[in-house]
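The values are calculated or read from the model by the stated rules, or taken from the named source; none is laboratory data. Every value quoted in this text rests on a predicted model; they were computed, and no experiment measured them. Here the Cβ is made from the backbone with ideal geometry for all residues, glycine too, and neighbour counts use every protein chain on show. Side chains included, ligands, DNA and RNA excluded: accessible areas come from the protein's heavy atoms. Shrake-Rupley method; radii C 1.70, N 1.55, O 1.52, S 1.80 Å.
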Amino acid sequence: MRRSSETALYAFAAVVTLVAVARPFAAVRYPAMTDLPFHAASGSALRHYWDPTFHFADQFELHPLEVPYVSSYALMALLMLVMSPLAAAKIVSVLLLLLLPIGLGTLAWGMRKSPLVALASLPLVWGSLTHWGFVNFVAAIGLMAASIGLSLRVLDRPTRRAQIALGCVLVLLFFTHVFRLPFALL
């Protein structure tokens, strides 16, 4: 009985988190985020890079390891194959902002505390960093927290699954905000 109520509580917390992060994007046509048009344009340029009518490949070279936000641009470009640039930018922003509470929940889990502590991070998702459009930076904070939580679990009980998860989080951090990777590695 206790296990099912705990699962229901986690499911409720996940729904609250998703609504708190996604609802503001659904409520407006254009989110009040300063850098969002720039990121959407970069995602669109990547989406149309090989399209000969746009001539991006004739004018520019791709250097994905030199771009600090390549994960969001690549995901936007993929989503733009099936939806509008604005919808893709909104969905990618929601996914990136969800990384903050997910990462803090993972940190709490790694410290053997309740992951529900991550609900306290929801007001931080909508701070001035998000208003300015620094969504990748906010996501990187969550990914850094997740890497610490997974590192604690790997140190406590080294399982192959936790090690693979830690490696995946570090790779995602590299492609989300490369400047945060050295701090996570330390």
For the chain, just the Cα set please: Rg and Dmax, both in angstrom. 17.9, 63
Using alpha carbons only, how many degrees (0 to 90, rounded to 10) separate the axis of helix 160-176 from the longest principal axis of the chain? 40
Does the stretch 93-186 classify as rounded, prolate or oblate by the C-alpha gyration tensor (a ≥ b ≥ c root eigenvalues; a/c under 1.5 gives rounded; else a/b over b/c gives prolate, otherwise oblate)? oblate
With all protein chains present and a 1.4 Å probe, how do Tyr69, Tyr49, Tyr30, Tyr10 order by accessible area, largest first? Tyr30, Tyr10, Tyr69, Tyr49
The stretch 28-81: equivalent-ellipsoid semi-axes (sqrt of 5 x gyration tensor eigenvalues, Cα, Å): 21, 14, 10
Here, Phe12 and Arg157, labelled 7 Å along Cα→Cβ, have an inter-label distance in nm of 2.7
With every protein chain left in place and a probe of 1.4 Å, what is the accessible surface of Arg47, to the nearest 10 Å²? 80
Given Cα pairs under 8 Å that are at least 6 residues apart, what percent is the relative contact order of the stretch 1-160? 25
The distance between the Cα centres of the stretch 102-178 and the stretch 1-70, in whole Å, is 17
How large is the accessible surface of Phe174 in square angstrom, using a 1.4 angstrom probe and rounding to the nearest 10? 60
As an exercise, identify the trypsin sites (Lys or Arg not before Pro) in the stretch 84-167 lying in DSSP coil whose Cβ has no more than 13 other Cβ atoms within 10 Å. Arg112, Lys113
So how exposed is Thr176, as accessible area in Å² (1.4 Å probe, rounded to 10)? 0
Checked the stretch 1-104 with the C-alpha gyration tensor, a ≥ b ≥ c its square-rooted eigenvalues, rounded below a/c of 1.5, otherwise prolate if a/b is larger than b/c and oblate if not; verdict prolate
Nearest 10 degrees is fine. How inclined is helix 135-156 to the longest principal axis of the chain, computing both from alpha carbons? 40
Output the 0 to 90 degree angle, nearest 10, between the alpha-carbon long axis of helix 85-110 and the longest principal axis computed from the alpha carbons of the chain. 20
